[in-house]
Amino acid sequence: MSGFRLETGGRIDRSQPVTFSFDGKTYTGFAGDSLASALLANGVMLFGRSFKYHRPRGLVAAGSEEPNALISVNRGPGRFTPNLRATGVEIHDGLKAFSQNRWPSLAMDFGAINDRLGMFFPAGFYNKTFMWPRSFWDKVYEPAIRKMAGLGDAPTAEDPDVYASTYAHCDLLIIGAGPAGIDAALGAMDTNKRIVLMDEQDELGGGALADPALWPWLERSVKALTDAANVTILTRTTAFGYYHDNFIGAVQRLTDHRPENEDTPREKLWRIRAGEVVLAQGAIERPLVFDGNDTPGVMLSSAAKVYANRYGVAVGKTPALMASHDSGWHDVFALAKAGVGISAIIDVRESVDSALMLEAERLGIPVYLNHGVVGVNGRHNVSAVDICDYGNQRVHRVNTDALLMAGGWTPSVHLWSHSKGSLKWRDELGAYVPDLPNENVVCVGGCSGDWDFGTGAVIDMLPTPKDQSRIKAFVDFQNDVTAKDIKLAVREGFRSIEHIKRYTTNGMATDQGKTSNLNGLQIASSALDKPVPDIGLTSFRPPYTPQTFGALAGHAKGALFQPTRTTNIDSWAQAHGAVFELVAQWRRARYFPKAGENMHAAVNRECVAVRSSVGIFDASTLGKIEVVGPDAAEFLNRMYTNPWKALEPGRCRYGLLLKEDGFITDDGVSARLAPDRFHLTTTTGGAARVLNMMEDYLQTEWPDLDVWLTSTTEQYAVIALQGPNARKVLEPLVEGIDLSAEAFPHMAIREGTICGIETRLFRVSFTGELGFEINVPTAYGRAVWEQLMAQGAQYDITPYGTEAMHVLRAEKGFIIVGQDTDGTVTPFDAGLDWAVGKKKPDFVGKRSMARPDIVAPGRKQLIGLLTDDPNVVLEEGAQIVADPKQPIPMTMIGHVTSSYWSEALGRSIAMALVAGGHDMTGGTLHIPMPGKTHSAKVSGVVFYDPEGARLHV
Amino acid sequence: MILIHCPYCDEKRPEIEFANAGQAHIARPLDPSGQSDAEWEAYLFIRANPRGRHHERWRHIHGCGRFFNAVRDTVTDKFETTYKAGEPRR
Ligand SMILES: [Zn+2]
């Protein structure tokens, strides 16, 4: 026999039939059904195959603690969700659900061979057996195990759904809307507190939903709360994590319960900061541990009551009860009242409250005290149970089509534990309950251990006369952990529950042991002969139930994963076919290919244009800091290696910035606009870091200095105009600045206008050619750029990208911080001794330049490399060796940092960091690359125009 | 997410507005060139790693931008107090 729909009862809407499918077969249920209740009503008892042994499994529970009935739901392309609990899936027309971990079908599963081989799969089996040899694990064992032992399939297509997220604040957050949570909300409703009441189910009520006597109260209460302006009710919302300072993460399911995929968010992530939290999560009934307790049809007695009273579904024609707790008796009395015949009440206790005995007698239910189930008959569903009289050890059979377990209650302390509240053990409950809070939080109702279900006996497992090695009594249904596994772990020397947990995997499945932790603890406690509190308790961690990556990611995916910063000139580059790259969140034009050009051809053309006529480059991403105040020069003098005090207004200086450890962290050309005002530039990626570092020194080391720092990176568009014709392009557009070589030398700055727009005009060069960098207010960037393009047309002005910029600077030996340096390179290592003010008494990093490690010989130093075959462009990052004939593993003495084809030189060039490199000039080094080891001559790093003649024109 | 009290804004604000800046009360020597290698090494690299009360610097980087000092318990992750840069160690 199996489950069926009762004639009356339940909160389902019998006027609204709902058609859905499970494993391709069509079923009908009613609005208000869960997938579990609807399938149960259709007589389906088999919901899945277990993780390790592929044993047939049915429902254990009716709520989110369900360990067995994990199913997948397919809502169309890209909308496949595995590992949902059938108890939490609301049915709707067209719902397509599937069982998991079975092949070829749920009823006939080849993996079930594992079950018969079960004696070969003890605790720690995977660790012991498959770890050697290591190579077999990756190629043979793991793929095979993954195929056979597993949860649902991971979705393969991109998720087309959108997910919302929000922050919320409230005075009082109540988590769990059973009677205790609703009472808490009603009690606070008339204050002026902002209250949020949330529950993971589709309607408020919790346990009251299974108690028709409470329905009138529930209806009144829900109406009162709904009408209260200061109460926000969130249903279908799971509080999955409790974080510092009453910060709670919750996911609200918005559309999965509706028939159509809608153009609205599927789920919403709530991040709630609450003044006070009330946890009313309730308690979870404990299964009992005995041979065959995982047979479909064996379930929690409280679940059977939920199915009958909330959903109008009987779990069987003649269920029997196996109890160690009074609550099971009340459950089967309720079932009897709902019209379900009870075949027997079996209780492990020798005596129970006489009122229970009287009620059982009145209902005509046979009672077996001091008895326990020692065997379950039936494979895909219970057909009978064998019970043992503990008085005389005789076993006899009771025919029944379902067996209800009432093993006592476990307070749901998950969120309390997330909040780092302490727990105390209560012997009479056989459970941990909340003790001292760590946040402003209280627990009420079942999760505080406060319940009126009566009392019970606390046992580890039901006694049995059977050979212990022959039985399968499950503790963790989802991870297939048996009592025997836990005892084995103890025999093998594990003492702490943390170790026993990891060795057996008890409580480590997706349900985090909601139904198994306490039974596991009791069994370990008995095996170790120590009280439970002495063997510890494993930690609960978020999430309370699994949540989708979609909800956690929200909008932060695809193009919105991180912000893309664009310059004012970016739209021009886009319109002119630029190929882009991301540099520190900036989108930068890498090169501008003409029709038919590949990158190599485009970059060569762009480089030639700069060296022969004029090129134009968007340098707006350069970091910029305005340094202002009477002590500005003194401040920069202390920060940078270079001397700044003597720099005249109107002049520029290359600045080198070290960290206090003496290593290069940033560089850039900066200008003195006035005695008390500097315009600093930093690398594109270093802008925020440098400003932070400068603020740190200014605020905390030298607060006496009168200096103000302002980021102006986004205030200026910067256009670099580079090449022998640069001045000619600029001259007609600029007013108020004498551009002649005499009046405006290299490394100078002038203020005036360009195209009528105020400009800070730098005469600087990162290419080795005559060059200008035109700073204009950001909004005018593209307009000025277009004027320059028009003016430069007669010189065939050529836009160039970051790739050509890299080649041009490398030809001149200009370093890129972070590419030619790596955080362990000093100014001397980089050949930048000239940028260090020798006479300065102090600057950031100066003392470290005399550290023993930094003055020791053999440091990696920046050198140039010219390959013996000029056509070979070395790979950046390639390792360098002195002797290519040495045995492997070779001694690597450095690596290539920059490497390009130089069209100007008609050959390849490279820079490298090599140990003792400065003393190797003229020598030969070897660079092993895939296919061939290349040789190269060590040179200086300035490959082009070493005298700098082209700059000063 | 922890709430941190900024002593300059005098408000408790979410952790994501702040950046940790390492151990507090390590003053840069006034004359680094007069430091022995061992002294300089201690200043640069040697840091406390206490179990319990820890003095550290934070910056209200997405707020007022100020650096300040804090006492945080490394076991409970709770802030005991925060105070302005330059004020005596608490
Ligand atoms: Zn602040």
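The values are calculated or read from the model by the stated rules, or taken from the named source; none is laboratory data. Only a predicted model underlies this, so the values are computations on that prediction, with no experimental measurement involved. Please note: Cβ atoms are built from the backbone with ideal geometry, for glycine as well, and neighbour counts cover all protein chains shown. Surface accessibility is based on the protein's heavy atoms, side chains included, excluding ligands, DNA and RNA. Shrake-Rupley method; radii C 1.70, N 1.55, O 1.52, S 1.80 Å.
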Subject >> Cα gyration tensor category, rounded, prolate or oblate, for the protein assembly as shown with a/c compared to 1.5 >> reply: prolate
Subject >> Shape of region A:163-281, Cα gyration tensor, a/c cut at 1.5 >> reply: oblate
Original post:
So what is the calculated 222 nm ellipticity per residue for the protein assembly as shown, using -39500 (n - 2.57) for each DSSP H run with n of 4 or more, over all residues, to the nearest 500 deg cm²/dmol?
Top reply: -5000 deg cm²/dmol
**OP:** For region B:22-70, list whatever residues lose no less than 40 Å² of accessible surface once every protein chain is in place, relative to that chain by itself, with the probe at 1.4 Å.
**Re:** B:28, B:37, B:40, B:44, B:57, B:59, B:67
Subject >> Distance between region A:779-804 and region A:183-241 - C-alpha centres, whole angstrom >> reply: 65 Å
**OP:** For region A:4-117, give the percent of accessible area contributed by carbon and sulfur heavy atoms, probe 1.4 Å, rounded to a whole number.
**Re:** 55 percent
**OP:** Among A:752, A:369, A:191, pick out the residue whose Cα is farthest towards the positive end of the charge dipole of chain A, where Lys and Arg carry +1 and Asp and Glu carry -1 on C-beta, about the Cα centre.
**Re:** A:369
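Output the antiparallel fraction of DSSP beta bridges having both residues in region A:163-281, as a percent to the nearest 5. Mind dumping the intermediate values first?
Numbers: 13 of 33 bridges.
Of all bridge pairs located within region A:163-281, approximately 40 percent are antiparallel.
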Original post:
So who's got an amide H within less than 5 Å of the one on residue A:655, skipping anything under 5 residues away but keeping other chains? H placed 1.01 Å off N, in plane.
Top reply: A:668, A:669, A:670
**OP:** Provide a list, ordered by number, of residues in region A:836-873 showing at least 20 Å² less accessible area with every protein chain present than when their chain is taken on its own, using a 1.4 Å probe.
**Re:** A:842, A:847, A:851, A:852
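Restricting to Cα pairs below 8 Å that are 6+ residues apart, what does the relative contact order work out to for region A:623-711? Please round to a whole percent. Intermediate values should be presented prior to the final figure.
Working: 163 pairs, mean separation 35.8, N = 89.
The normalised contact order for region A:623-711 reaches 40 percent.
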Subject >> Rounded tilt (10° steps) of A:802-811 against the dominant C-alpha axis of chain A >> reply: 50 degrees
**OP:** Would you compute, for the Cα atoms of chain B, the largest minus smallest coordinate along each principal axis and list the three values in descending order, in whole Å?
**Re:** 42, 28, 22
Original post:
Quick one: helix A:687-696 against the long Cα principal axis of chain A, what's the angle to the nearest 10°, folded into 0 to 90?
Top reply: 90 degrees
Subject >> Cross-link pairs beyond the 29 Å C-alpha cut-off, checked among A:812/A:860; A:223/A:268; A:466/A:530; A:420/A:484; A:424/B:12 >> reply: A:420/A:484; A:424/B:12
Original post:
Based on Cβ point charges of +1 for Lys and Arg and -1 for Asp and Glu, what charge dipole magnitude is obtained for chain B about its Cα centre, in debye rounded to the nearest 20?
Top reply: 260 debye
Original post:
Near the amide H of residue A:410, under 5 Å away, which other amide H atoms are found, from residues 5 or more places off or on another chain, if H is placed in the peptide plane?
Top reply: A:284, A:285, A:286
**OP:** Would you mind working out the accessible area per residue for the protein assembly as shown, using a 1.4 Å probe, and quoting it in Å²?
**Re:** 42 Å²
Subject >> Rounded percent of accessible protein surface that carbon and sulfur make up, region A:623-711, 1.4 Å probe >> reply: 52 percent
Original post:
Roughly how many debye, to the nearest 20, is the charge dipole of the protein assembly as shown about its Cα centre, given +1 on each Lys and Arg Cβ, -1 on each Asp and Glu Cβ, and no other charges?
Top reply: 1620 debye
**OP:** Using amide H atoms built 1.01 Å from N in the peptide plane, name the residues 5+ places from residue A:311, or on other chains, whose amide H lies under 5 Å from its own.
**Re:** A:11
**OP:** For region A:857-939, divide the Cα radius of gyration by the Kirkwood radius and give the resulting Rg/Rh value with two decimals.
**Re:** 0.95
Subject >> Euclidean distance between Cα centres, region A:1-61 to region A:880-927, Å >> reply: 70 Å
Original post:
So what's the angle, to the nearest 10 degrees on a 0 to 90 scale, between helix A:781-792 and the longest Cα principal axis of chain A?
Top reply: 40 degrees
Subject >> Phi to ³J(HN,Hα) by Karplus 6.51 cos²θ - 1.76 cosθ + 1.60 over region A:24-37, Hz, x for Gly, Pro >> reply: x, 9, 8, 10, 10, x, 10, 3, x, 6, 8, 4, 5, 5
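Shape call for region A:648-705 from the C-alpha gyration tensor, a ≥ b ≥ c root eigenvalues: rounded (a/c under 1.5), prolate (a/b greater than b/c) or oblate? Can you show the working numbers first?
Details: a/c = 1.92, a/b = 1.21, b/c = 1.59.
Oblate is the answer for region A:648-705, as a/c is 1.5 or above yet b/c matches or exceeds a/b.
At most 11 other C-beta atoms within 10 Å and a DSSP loop state: those are the exposed GluC sites (Glu not before Pro) I care about. Give me the longest piece of chain A that has none. Let's see the in-between values first.
Details: sites that count: A:7, A:158, A:260, A:262, A:350, A:428, A:742, A:947.
Result, exposed sites excluded: A:429-741.
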Subject >> Solvent-accessible area buried by pairing B with A, both sides, nearest 100 square angstrom, 1.4 angstrom probe >> reply: 2100 Å²
Original post:
For chain A, what proportion of DSSP beta bridges, expressed in % and rounded to the nearest 5, is antiparallel?
Top reply: 75 percent
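So which trypsin sites (Lys or Arg not before Pro) in region A:393-446 end up in coil per DSSP with only 10 or fewer other C-beta atoms within 10 Å?
Working: sites: A:394, A:397, A:420, A:424, A:426; in loops: A:420.
Qualifying residues, ordered by number: none.
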Original post:
For chain A, what relative contact order do you get, as a whole percent, if you take Cα pairs closer than 8 Å and at least 6 residues apart?
Top reply: 9 percent
Original post:
Stretch residue A:156-residue A:232 to full length: gain in nm at 0.36 nm per residue minus the Cα-Cα span?
Top reply: 23.7 nm
Original post:
Rounded to the nearest 20 Debye, what is the dipole magnitude of region A:677-802 about its Cα centre when Lys and Arg each give +1 and Asp and Glu each give -1 at the C-beta?
Top reply: 360 debye
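Holding the Cα-Cα limit at 22 Å, pick out from A:52/A:487; A:52/A:514; A:885/A:932; A:501/B:78; A:594/A:932 the pairs that are longer than that. Mind showing how you got there, number by number?
Working: A:52/A:487 18 Å; A:52/A:514 19 Å; A:885/A:932 13 Å; A:501/B:78 29 Å; A:594/A:932 34 Å.
Going by Cα-Cα distance, A:501/B:78; A:594/A:932 fall outside the 22 Å limit.
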